[in-house]
Amino acid sequence: MVEETFTREQLVTLLISSALGVLFGAGWWFAGATTIPDATAVLRGLDAAVVLAFAAWVVLIGRRLPELPAGAGGGRSPFGRRYGVAVVVLVAAIVAGARLLEGVLHKPAVVPAWVLLCVGLHFLPFVGIFGSRRFLPLALGLTAIAVAAVVLGAAGQSWAWLALPSFGGAFTLWAAAAAGLLSAARPATVR
């Protein structure tokens, strides 16, 4: 591994992907908060606090952009065609699977695990698209949580159908965003 400094393009990509991870994590947490009725308001307040803390962190790191060197990519964004295809496939898989689970199989409780599985798997091509192995643990973590929700839910643990994908998905997405932001906070990083 070689130590290198982030370029402006790499940092912008990291900040955008971290912000997306934080926001989707917040959505998962928001849904999970309903699984604990006596604490829903507190959990949703915590959700908002986490999002605000990450937003401040992104702004602070983003202030470094002018001091970083330009990248060799000529300002080309990795959020191009391949990224778009991965997202379209994700959305199509979520919609088709949810319709099958709800309308045909009559298993709506499985939908959150299905969605998290699709989200986890959609991160696999990001390793090549973004040129970063950082997406591999994220893909594996989200996929493992989805599988655990199915195993526990099928074993009669009804709380697992929504709580595990929601809180597990939020924690995993937030941890990945934090890891990326921590690496950007150092003057040099290992890619």
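The values are calculated or read from the model by the stated rules, or taken from the named source; none is laboratory data. What you are looking at is a predicted structure, and each value in this text was computed from that prediction instead of being measured. Don't worry about glycine lacking a Cβ; one is built from the backbone with ideal geometry, like all the others, and counts go over all protein chains shown. Remember, those area values only see protein heavy atoms, side chains included, never the ligands or the DNA or RNA. Shrake-Rupley method; radii C 1.70, N 1.55, O 1.52, S 1.80 Å.
The accessible surface of region 55-133, taken with every protein chain in place and a 1.4 Å probe, is 69 percent carbon and sulfur.
When the Cα gyration tensor is reduced to axis lengths a ≥ b ≥ c, the ratio a/c is 1.5 or higher for region 75-152, and with a/b not above b/c it is classed as oblate.
An oblate overall shape is assigned to region 17-126, the ratio a/c of its alpha-carbon gyration tensor axes (a ≥ b ≥ c) being 1.5 or greater and a/b not exceeding b/c. Separation of region 42-110 and region 141-168, taken as the distance between their Cα centroids, equals 21 angstrom.
Could you tell me which of rounded, prolate or oblate describes the chain, using a ≥ b ≥ c as the square roots of the eigenvalues of the alpha-carbon gyration tensor, with rounded for a/c under 1.5 and, failing that, prolate when a/b is larger than b/c and oblate otherwise? Present the calculation step by step, with values, prior to reporting the outcome.
Working: a/c = 2.48, a/b = 1.63, b/c = 1.52.
Verdict is prolate for the chain.
For the chain, what does the helix formula give at 222 nm: sum of -39500 (n - 2.57) over DSSP H segments with n ≥ 4, over the residue count, nearest 500 deg cm²/dmol? Before the final figure, lay out the partial values.
Details: 7 runs with 130 residues, N = 191.
Estimated from H runs of four or more residues: -23000 deg cm²/dmol.
Please get the size of the charge dipole for the chain, origin at its Cα centre, with Cβ charges of +1 on Lys and Arg and -1 on Asp and Glu, quoted in debye to the nearest 20. Before the final figure, lay out each step's value.
Working: 13 positive and 7 negative charges, 85 e Å.
The calculated dipole for the chain is roughly 400 debye.
Considering only 22, 104, 120, the residue lying farthest towards the positive end of the dipole of region 1-124 is 104, judged by Cα position with unit charges set on Cβ.
Solvent-accessible area per residue in the chain equals 54 Å², computed with a 1.4 angstrom probe and all protein chains kept. Among 49, 175, 163, the largest mean-square fluctuation in a Gaussian network model of the chain (Cα springs under 10 Å) belongs to 49.
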